[in-house]
């Protein structure tokens, strides 16, 4: 997370921002200490919130990099379609 600053919401959801998207991450002890990574455009992760993607990872850094790649691919796609 070299260029990202860790932040948290009022409800203790920890996230970093990447190009105006929020990448939330939470370690789940009940799931073998895997990391749940969720990408949101705005807001906090809650039931029914529209996400760009959610996935489980063994490694936090790997999960955050995956989220950044998803965001970059989405922005690149919309950049092409808006030309």
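The values are calculated or read from the model by the stated rules, or taken from the named source; none is laboratory data. If you're wondering where the values come from, they're calculated on a predicted model, not measured in any experiment. No Cβ is skipped: glycine too gets one built from the backbone with ideal geometry, and neighbour counts run over all protein chains shown.
For residues that are surrounded by 12 or more Cβ atoms within 10 Å (Cβ to Cβ) and assigned to a strand (DSSP E or B), tally how many sit in the stretch 28-59.
Number of matching residues: 12.
Mind checking which residues of the stretch 28-50 are at pLDDT below 90 and either farther than 15 Å from residue 13 by Cα or in contact with a helix residue (DSSP H, G or I) (Cβ under 8 Å, 6 or more places away or on another chain) (or both)?
Within the stretch 28-50, 29, 30, 31, 32, 33, 48, 50 meet the criteria.
When you scan the stretch 60-69, do you find a residue that is modelled with pLDDT of 90 or more, touching a strand residue (DSSP E or B) at 6+ places or on another chain (Cβ under 6 Å), assigned to a strand (DSSP E or B) and surrounded by 10 or more Cβ atoms within 10 Å (Cβ to Cβ), even just one?
No - not one qualifying residue is present in the stretch 60-69.
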